[in-house]
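Peer 1: Sharing a structure below in structure tokens format, with a few things to ask.
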Amino acid sequence: KGFIIRIVLFIFLALFTEWLIFNRISLNFQLSFNLVFLVFWIFIGEFLLPKNKMFKLHPLNYWAAFLTPLFFNIILNLFVFKYVNIFAISTILSTLIITLLIDYSTGLISGLIFSAYFGILFGFDLKFMIFLFLPAAVVALSSRKTKRRIEIILPFFWASLTQIIVAYVINLYYTPLDYLIIIESNFLSVLVTMGILPFFEYLTRVYSEIGLLELGNLSNPLLKNLSLKAPGTYYHSMIISNLAESSAEIINGNMVLARVGSYFHDIGKVWRPQFFSENQKNKNPHSDISAKLSSLILNNHVTYGIELAKKHRLPILIEDMIAQHHGTRVKQFFYSEYYNQTGIKDTNMFRYPGPIPQFKEAAILMICDVTEAMVRSMQDLSAVDLNEKLDNLINSLFFEGQLDDCGLTLREVKKIKGRIIRTIMEMNHKRISYPKVETKELRE
């Protein structure tokens, strides 16, 4: 169904293209153009893009994050070609946005498709395709680690330089004015990208690292509300964010997603925060209710967190992290209590709703979450004890099948464990005790 919709969209785009550029719609052009371009699209777009796991997890969001900037840039440059100059056509906008939103390889594919579209349109001009694609490749390569808006200027510089060199080498150069048009067009594309990137993020719920960092500002209303209603949970989330970020770094994962996802993973605890141990001061309210009801209340922090994520249009991957950070684990304390009271063996009513983690950062969050809870229960913290307990904890997660779908390798899990131990020991180092000095002496 999705494949057919995409083909139909490209056919309509071809109709609009011919009408705008040539002031006509002819059967011969449509047949020849669509035959060549759609075959190219099927072999490149439809074959390569679904290999990205995120297109399988959230096809609607990620196809929208890919096609919306691509279509926008193609239509924009059709007007640019008709009313400005052929040298003003720039692939920067869509390539840059898609690289920032998804990843480098997907941005590269978008640049290739954009270049092919205009190359086929202008009589299967291979030189013109190269003129457009090489700068797109440079943009994708130079923007893949962009974390600040000002850094978007760097791809503009390298793309413009590449495009000018390519134009000269393949004899597309005509006058010095053409070079100036290339620079101006690319610069305007960068400015437009800065302005419309938040729109695409909000529309698709696929966020760039720039957007994630802005979202992770601790003055965010959701985080402020969490700090006021559930301060223990807020502090717990801050600790986990440090563990998750350093763990993601050691395996070359998305550090920003790991940190910001940790901030928001427990936002559902603003509803009845007193039922969670980190927010309890005196009496435990679970003592007055049944084990089954306790299980339902704990489940609710996941389901309510998902509701808040949808309501505030948080990134779709952060919504996933909220849903997946407990996986489908059994709440062993309440299950044991229920079993001792009834003798009934039924773990299903004591499981979190899940699903189990579907990507590495979600699995890292799960490991860090249970580790932090374990550390809080330890009386004396030592690296040896922590290593042993963390081994048991991770083995338990493997045995329960919680890490089956996340993509982590055993080597990566070993690296994550080592980094967690190191980070916790650094965070919990003991300070020296200072000798008591009389206040009178200090004043002198």
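Peer 1: How many nm separate the modelled label positions at residue 184 and residue 126, each set 7 Å beyond the Cα in the direction of the Cβ?
Peer 2: Label at residue 184, label at residue 126, 3.3 nm between them.
Peer 1: Starting from the stretch 370-411, pick out the trypsin sites (Lys or Arg not before Pro) whose DSSP state is loop and whose Cβ has at most 15 other Cβ atoms within 10 Å.
Peer 2: none
Peer 1: Figure the gain on full extension for residue 150 and residue 281 (residue separation times 0.36 nm, minus the Cα-Cα span) and round it to one decimal in nm.
Peer 2: 42.6 nm
Peer 1: What is the distance, in nm, between label points placed 7 Å from the Cα along the Cα-to-Cβ direction at residue 141 and at residue 330?
Peer 2: A separation of 5.4 nm, rounded to one decimal place.
Peer 1: So which GluC sites (Glu not before Pro) in the stretch 203-277 end up in coil per DSSP with only 10 or fewer other C-beta atoms within 10 Å?
Peer 2: Counting only loop positions with at most 10 other Cβ atoms within 10 Å, none of the GluC sites (Glu not before Pro) in the stretch 203-277 qualifies.
Peer 1: Can you pull the percent of Cα pairs in the stretch 69-228 with separation above 20 Å?
Peer 2: Considering the stretch 69-228, 48 percent of its Cα-Cα pairs are separated by more than 20 Å.
Peer 1: Can you tell which of 195, 305, 407 shows the greatest fluctuation in a Gaussian network model of the chain with Cα springs below 10 Å?
Peer 2: Taking springs between Cα atoms under 10 Å, the residue moving most is 195.
Peer 1: Any chance you could check the Cα centroid distance between the stretch 138-199 and the stretch 348-387 for me, in angstrom?
Peer 2: When both Cα centres are located, 45 Å separates them.
Peer 1: Show me, for the stretch 75-80, the HN-Hα J-couplings you get by feeding each phi into the Karplus relation (A = 6.51, B = -1.76, C = 1.60, θ = phi - 60°), rounded to Hz, glycine and proline as x.
Peer 2: 5, 4, 6, 5, 5, 4
Peer 1: Among 227, 139, 104, pick out the residue whose Cα is farthest towards the positive end of the charge dipole of the chain, where Lys and Arg carry +1 and Asp and Glu carry -1 on C-beta, about the Cα centre.
Peer 2: Of 227, 139, 104, it is 227.
Peer 1: Moving on. Rounded, prolate or oblate: which fits the stretch 135-253 when a ≥ b ≥ c are the square roots of the eigenvalues of the alpha-carbon gyration tensor, with rounded for a/c under 1.5 and prolate only if a/b beats b/c?
Peer 2: prolate
Peer 1: Based on the alpha carbon coordinates of the chain, what radius of gyration and maximum Cα-Cα distance (Dmax) apply, in Å?
Peer 2: Gyration radius and largest Cα-Cα distance of the chain: 27.1, 98 Å.
Peer 1: Mind giving me the FRET efficiency for residue 60 and residue 16? R0 is 35 Å, r the Cβ-Cβ distance, nearest 0.05 is fine.
Peer 2: After rounding to 0.05, the efficiency reads 0.90.
Peer 1: Checking the table 229/281; 331/417; 389/415; 389/417 against a 18 Å threshold on Cα-Cα, which pairs fail?
Peer 2: The answer is 331/417.
Peer 1: Once phi is turned into θ = phi - 60°, what whole-Hz ³J(HN,Hα) does the Karplus curve with 6.51, -1.76 and 1.60 give for every residue of the stretch 310-319, x standing for Gly and Pro?
Peer 2: After applying 6.51 cos²θ - 1.76 cosθ + 1.60, I find 5, 4, 9, 6, 5, x, 4, 6, 6, 4 Hz.
Peer 1: From the phi angles alone, apply the Karplus equation (6.51, -1.76, 1.60; θ = phi - 60°) to the stretch 213-227 and give each ³J(HN,Hα) in whole Hz, x where the residue is Gly or Pro.
Peer 2: Taking θ as phi minus 60°, the curve returns 5, 5, 5, x, 4, 5, 8, 4, x, 5, 6, 4, 5, 5, 5 Hz for the stretch 213-227.
Peer 1: If you filter the stretch 104-199 for trypsin sites (Lys or Arg not before Pro), then keep DSSP loop positions with at most 16 other Cβ within 10 Å, what is left?
Peer 2: Filter output for the stretch 104-199: 144, 145, 147, 148.
Peer 1: If you average 1/r across every pair of different Cα atoms in the stretch 344-407 and take the reciprocal, what Kirkwood value do you get, in Å?
Peer 2: Computed over Cα pairs of the stretch 344-407, the Kirkwood hydrodynamic radius comes out at 13.1 Å.
Peer 1: With n ≥ 4 as the cut-off for DSSP H runs, can you work out [θ] at 222 nm for the chain, using -39500 (n - 2.57) per run divided by the number of residues, rounded to the nearest 500?
Peer 2: The helix-only estimate for the chain comes to -22500 deg cm²/dmol at 222 nm.
Peer 1: I want to verify a result. In a Gaussian network model of the chain, Cα cutoff 10 Å, which of these has the top mean-square fluctuation: 86, 316, 306?
Peer 2: 86
Peer 1: Let me ask something additional. Testing the spin-label approximation: label points 7 Å from Cα along Cα→Cβ at residue 9 and residue 84. State their distance in nm.
Peer 2: A separation of 2.4 nm, rounded to one decimal place.
Peer 1: Further, regarding this structure: Counting only the backbone N, which residues of the stretch 280-298 are under 15 Å from the spot 7 Å out from the Cα of residue 344 toward its beta-carbon?
Peer 2: Output list for this probe position: 290-296.
Peer 1: May I ask for the Rg/Rh ratio of the stretch 217-427, computed from Cα atoms with Rh as the Kirkwood radius, given to two decimals?
Peer 2: With Rg and the Kirkwood Rh in hand, the quotient comes to 0.95.
Peer 1: Under 10 Å, Cα contacts only: if you run a Gaussian network model on the chain, which one of 12, 157, 118 comes out with the highest mean-square fluctuation?
Peer 2: Ranking 12, 157, 118 by mean-square fluctuation puts 12 first.
Peer 1: Tell me, in nm to one decimal, what length is gained between residue 165 and residue 351 on full extension, where the rule is 0.36 nm per residue of separation less the Cα-Cα distance?
Peer 2: 60.9 nm
Peer 1: Per 0.36 nm of contour for each residue apart, how much would the distance between residue 228 and residue 400 grow if the chain were fully extended, relative to their Cα-Cα spacing?
Peer 2: Stretched fully, the residue 228-residue 400 segment lengthens by 58.4 nm.
Each value in this text was obtained by applying a stated rule to the coordinates, not by laboratory testing. Keep in mind that what you see is a predicted model, and the values were worked out from it rather than measured. So basically every Cβ, Gly included, is an ideal-geometry build from the backbone, and we count neighbours across all protein chains shown.
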